[in-house]
Amino acid sequence: MSSQARPSIPGSTVSVDAVRRLLGCLVSCLVVAGVLVPAGSLGAASSALSCSTSAPRKADGSLWRCTFDDEFNGSTVNRAAWTVQTTANGGFQAGTACAVDSAKTVSVSKGSLDLTVRRTAPFVCTSSRRNFSTSYQGGSVYTRAFSQQYGRFDVRARFADSNGHPGVQGALWLYPRTLTPTGMLSTGEIDIAEAYGQRPDHVIPTVHAAVTLFGASKACVVPDYGAAFHTYTTIWTPTSVTFVYDGSTCLRVTTPTGSLSGPTMVALTQGTGSRRNAPSAATPMPATLQVDYVRVWA
């Protein structure tokens, strides 16, 4: 999630290197690494065990094993599975938007999780890091009781349709559950897919790896990504990260040993852009990232 502040990380009290413009103050809560989240605990959506029944095959022919599944077929966000990220609790910013826990920014309906950025009257956003003035509110969630190192991560989503106007940014990403004293520079981050409003036909995956301090990214063609749902897949192994969009590989990154360490949470965010993708009066809002499902295998 390259141009937005990162979320507060459960189980850590360290700050991320400001040079990378990641998060400031971190809050503490309980997260269990590598836990299978039972389908029954994810509401009516997962009673069909879609993650298990649709398990794809690995390169060696064996089936992936389902470890997390939310189909979002209920009527509310499952708070046992997801934490709604807020600026007030941890200093997270969705670009220039204030991340808030509101039905107007985070909701579930008609089989999808809806994360919305909206324009408001100017207000002061309360932040544990530093209060700031803004006219935008955004939505963001991350997995509260689930994290995993390596595996297959599938997100079927429709990014916000801004018709090529700059101003919005959506992100599907994996972020370390535990930070070291040097922050992301020692743990890494994987952006499954990011969509920038001014580029309606390209979605960008990125690996921010540590140790060697390298990053790898590519603009992958996803025609009119705001018009339909697409499946964004990341396959993470000890030596590589492969990004597959709608069944076609768009980027494969070889990762040095130890460059991506520890389990990661799944995070989903809709906020504003910045710099060349900064919002203006011409930016269509409200703008919504819709997530049909999140499925994870090991």
Single match in A228, A267, A216 (criterion: in a strand (DSSP E or B), touching a residue at least 12 places away in the same chain (Cβ under 8 Å), surrounded by fewer than 17 Cβ atoms within 10 Å (Cβ to Cβ) and out of contact with any Gly (no Cβ under 7 Å at 6 or more places or on another chain)): A216
Picked from region 234-252 (must be closer than 16 Å to G151 by Cβ and among the hydrophobic types (A, V, I, L, M, F, W, C)), the residue surrounded by the fewest Cβ atoms within 10 Å (Cβ to Cβ) is V244
For H165, only one of the following conditions fails: (1) touching a residue at least 40 places away in the same chain (Cβ under 8 Å); (2) of a type outside the set (K, R); (3) part of a strand (DSSP E or B). What is its number? (3)
Filter result for H208 (at pLDDT 95 or above and crowded, with 17+ Cβ neighbours inside 10 Å): no
In region 65-79, how many are in contact with a helix residue (DSSP H, G or I) (Cβ under 6 Å, 6 or more places away or on another chain) and surrounded by fewer than 22 Cβ atoms within 10 Å (Cβ to Cβ)? 3
For region 89-118, give me each residue that is open to solvent by 20 Å² or more (accessible area, probe 1.4 Å), under 25 Å from S75 (Cα atoms), among the hydroxyl-bearing types (S, T, Y) and outside any strand (DSSP E or B). S102
What tally of residues in region 253-264 results from selecting those that are buried (at least 19 other Cβ atoms within 10 Å of the Cβ) and of a type outside the set (S, T, N, Q)? 3
Taking region 270-283 and keeping only residues that are outside any loop (DSSP other than H, G, I, E, B) and open to solvent by less than 10 Å² (accessible area, probe 1.4 Å), one is left with Q270, G271, T272, N277
Give the residue that is farthest from W82 (Cα to Cα), with candidates limited to residues of region 119-168 that are of a type in the set (A, V, I, L, M, F, W, C) and open to solvent by 30 Å² or more (accessible area, probe 1.4 Å). A121
Test: residue in region 133-156 that is under 22 Å from D191 (Cα atoms), touching a His at 6+ places or on another chain (Cβ under 8 Å) and part of a strand (DSSP E or B): yes
Name every residue in region 233-264 that is farther than 18 Å from R295 by Cβ, among the β-branched types (V, I, T) and in a strand (DSSP E or B), in order of residue number. T249, V253, T254
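The values are calculated or read from the model by the stated rules, or taken from the named source; none is laboratory data. Here the structure is a predicted model, which is why all the values come from computation and not from measurement. All Cβ positions, even for glycine, are placed from backbone atoms using ideal geometry, and neighbour counts span all protein chains on display. Areas reflect the complete protein model, heavy atoms only, side chains present, ligands, DNA and RNA absent. Shrake-Rupley method; radii C 1.70, N 1.55, O 1.52, S 1.80 Å.
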